[in-house]
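Take a look at the structure below.
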């Protein structure tokens with residue numbers, strides 16, 4: 001009788017350890033990605049139709065990442081960041097035009113690599129004459 005009681009106690013302890021391990025493992029897993037916000041991206045060429053897209057983003061996303069995932073982007077990366085050569089119908093040669101970045105209607109003094117996403121913000125990529 002005593003051996004059976006010991007086996008039951010050991011089984012209960014092992015079961016409790018297993019359940020605790022599962023609970024700890026599950027609590028350390030990354031939660032499913034939740035939407036952190038929505039932004040608007042505008043492409044404004046010198047001639048032709050502008051394109052506007054509202055995009056949802058998640059924590060950890062970047063403006064450059066959203067751009068490359070949703071548009072055809074031509075760029076070069078160097079030690080200073082990302083240099084955009086083209087976004088969909090906007091293409092630049094840096095002789096006659098460049099792509100200016102505006103955040104909520106204000107010219108950005110920072111490049112696309114340095115800009116954080118903000119819920120409700122409007123990011124405009126405007127083809128601009130030099």
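Would you mind stating whether residue 55 is surrounded by 11 or more Cβ atoms within 10 Å (Cβ to Cβ) and touching a helix residue (DSSP H, G or I) at 6+ places or on another chain (Cβ under 7 Å)? Give the steps one after another, and end with the answer.
On the way: surrounded by 11 or more Cβ atoms within 10 Å (Cβ to Cβ): yes; touching a helix residue (DSSP H, G or I) at 6+ places or on another chain (Cβ under 7 Å): yes.
Taking the combined requirement at face value, the residue satisfies it.
Only residues that are farther than 15 Å from residue 127 by Cα, without any contact (Cβ under 8 Å) to a residue 60 or more places away in the chain and in contact with a helix residue (DSSP H, G or I) (Cβ under 8 Å, 6 or more places away or on another chain): list them for segment 63-91, please.
Listed by number, the residues that qualify are 64, 67, 81, 82.
Among (1) under 16 Å from the mean Cα position of the chain (by Cα); (2) at pLDDT below 95; (3) part of a loop (DSSP other than H, G, I, E, B), which single condition is residue 119 missing?
Of (1) under 16 Å from the mean Cα position of the chain (by Cα); (2) at pLDDT below 95; (3) part of a loop (DSSP other than H, G, I, E, B), only one is false for residue 119: (2).
State yes or no: is residue 121 closer than 19 Å to residue 35 by Cβ, surrounded by 12 or more Cβ atoms within 10 Å (Cβ to Cβ) and in contact with a strand residue (DSSP E or B) (Cβ under 9 Å, 6 or more places away or on another chain)?
So residue 121 fits the description; yes.
The values are calculated or read from the model by the stated rules, or taken from the named source; none is laboratory data. Everything numeric here is computed off the predicted structure, so don't read it as measured data. In this analysis, Cβ positions are derived from the backbone assuming ideal geometry, glycine residues included, and neighbour counts consider all displayed protein chains.
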